[in-house]
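I have placed the structure first, in the form of structure tokens, so that the comments after it can refer back to it.
The values are calculated or read from the model by the stated rules, or taken from the named source; none is laboratory data. Bear in mind the structure is a predicted one, so any value in this text is a computation, not a measurement. Note that each Cβ is placed from the backbone with ideal geometry, even for glycine, and that neighbours are counted across all protein chains shown. These area figures cover heavy atoms from the full protein model, side chains too; ligands, DNA and RNA do not enter into them. Shrake-Rupley method; radii C 1.70, N 1.55, O 1.52, S 1.80 Å.
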Amino acid sequence: MSHTPNPPILLTPGPLTTSDRTRQAMLRDWGSWDGDFNQITTRVRQRLLAIANAAATHECVPMQGSGTFSVEAAVGTLVPRDGHVLVPSNGAYCQRLARICRVLGRKVTTIDYTEDQRVSPADIDRALAADPGITHVAMVHCETGAGVLNPLHEIAQVVEKHGRGLIVDAMSSFGALPIDAARTPFDAVIAASGKCLEGVPGMGFVIIRRSVLEKCEGNSPSLALDLYDQWVYMQKTTQWRFTPPTHVLAALDEAIEQYLEEGGLPARGARYARNCEALVSGLAAIGVRSFLSADIQAPIIVTFHAPDHPNYEFKRFYAEVKKRGYILYPGKLTQMETFRVGCMGHFGEAGIPGAVAAIAQTLEAMGIPVRGAVATAEA
Ligand SMILES: *Cc1c(COP(=O)(O)O)cnc(C)c1O
């Protein structure tokens, strides 16, 4: 019985391609009261804390749902009802973060950038100095919209200097790009099962400073998304407050086991960086240009300019690439026609060259001129 190779390969930032072992971990059922299952919960929480070097200072509170549920839970639980959140915004996920604040009735101010710019720590410094009423900064580490890496460490220094709270959506960076609680002060870091840890989607988690979490009772405007309640219940019982995503957690536990075997964060980050380099240079060789400059590009997801040709149409492009075994992602830029390719997921070293060849063949099939010899290479 074999569950691999599991085609097509997902080159998307979650859901992504998972390993045979990770999928096999879902082939049994668990009771939510069962001691063996609750041991998995405890182990996963401890290992997630260790990845952020946060065990001494922080708690890991998991939450059912996709990543956005955990972002909403973090904002609702950490920001008091009369709080004021500053959101530096350079893309779609930053906009979602600001929208969550508004929907929850939290006062929000944004600093707006274009999608090819990094957030500037100096701007945040000025904004916090000018408005002592701002209680929190909420930022996105890797803005998955265009793929920009924002300077988390520098921003965290600024926020700490001003004595405000920092909430970080690290959904698409956690586990691959360094976040060290002992070096980089933060109140909350949010991530999910189905991103760089290469689990399946279905749960998120928030790493919260213990001294902050202890004071969060009653903040949340939501019953289900109250991280304080989830934490208190879990400390008391080792169980999740409501029905846990049992199979998702078992798969995440197995995915983390493989993550540690691979060499943890440095190895995961290096593998994604190699994928990113191979992708950018491979597509450049056939005349497809990446959107961001290399110095602000996170090795997680890359935005490419769509070919400037009348035959190009994303739907057809997507379908042709899929026929050749790869799933790409539409662009998320408001202004121009782009597509995105993820660097994350469990696929072998041949994955990226294979995708580059599939894209080259697709462009040829669409009658779009391709530069270079890669176009005729075997996939
Ligand atoms: C994936 C992602 C999320 C969560 O999206 P969901 O669709 O809810 O899983 C949030 N922020 C960022 C930066 C992401 O990459």
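Helix-only arithmetic for the chain: the sum of -39500 (n - 2.57) across DSSP H runs with n ≥ 4, divided by the residue total, places the mean residue ellipticity at 222 nm at -12000 deg cm²/dmol.
Loop-located trypsin sites (Lys or Arg not before Pro) in region 1-104 (DSSP state not H, G, I, E or B) with no more than 11 neighbouring Cβ atoms inside 10 Å: Arg28. Our Cα-only numbers for region 264-379 put the radius of gyration and Dmax at 13.6, 45 Å. Of all DSSP bridge pairs formed entirely within the chain, close to 55 percent run antiparallel. Looking at region 159-252, the DSSP beta bridges with both ends there are about 55 percent antiparallel.
Of the cross-linked pairs Lys161/Lys215; Lys195/Lys322; Lys195/Lys236; Lys107/Lys161; Lys195/Lys323; Lys215/Lys236, which ones have a Cα-Cα span greater than 26 Å in the structure shown?
Details: Lys161/Lys215 21 Å; Lys195/Lys322 21 Å; Lys195/Lys236 29 Å; Lys107/Lys161 22 Å; Lys195/Lys323 24 Å; Lys215/Lys236 17 Å.
In this structure, Lys195/Lys236 lie more than 26 Å apart at Cα.
Compute the helix-to-body angle for 35-51: its Cα long axis versus the longest principal axis of the chain, expressed 0 to 90° and rounded to tens. Here the helix axis deviates by roughly 80 degrees.
In a shell of Cβ-Cβ distance under 9 Å around Ile296, excluding Ile296 itself, what net charge do Lys and Arg (+1) and Asp and Glu (-1) give? All intermediate terms of the calculation are to be shown ahead of the outcome.
Values: positive: Arg118; negative: Asp116, Asp295.
Summing Lys/Arg as +1 and Asp/Glu as -1 gives -1.
When you restrict to C-alpha pairs under 8 Å that are six or more residues apart and normalise by the size of region 21-261, the relative contact order lands at 30 percent.
Please return the longest stretch of the chain lacking exposed loop sites, where chymotrypsin sites (Phe, Trp or Tyr not before Pro) count only if DSSP places them in a loop and at most 13 other Cβ atoms lie within 10 Å. No qualifying site falls inside 34-241, the longest such stretch. To the nearest whole percent, what portion of all C-alpha pairs in region 39-84 is separated by more than 18 angstrom? Looking at region 39-84, the distances longer than 18 Å represent 44 percent of pairs. Rolling a 1.4 Å probe over the protein heavy atoms of region 21-261, with every protein chain left in place, gives an accessible area that is 51 percent carbon and sulfur.
Per residue, how much accessible area does the chain have with a 1.4 Å probe, in Å²?
About 41 Å² of surface per residue is accessible.
Sorting the Cα pairs of region 21-261 by distance into bins of 10 Å, from 0 upward, gives 8, 34, 37, 17, 4, 0 percent per bin.
When nucleic acids and ligands are ignored and a 1.4 Å probe is applied, Lys161 ends up with an accessible area of around 140 Å². Rolled with a 1.4 Å probe across the full set of protein chains, the surface gives Ser281 an accessible area near 70 Å².
With N as its number of residues, region 88-147 has a Cα radius of gyration that, divided by 2.2 N^0.38 Å, comes to 1.10. Contact order, relative form, for region 237-309: 23 percent (alpha carbon pairs under 8 Å, 6 or more residues apart, mean separation divided by residue count).
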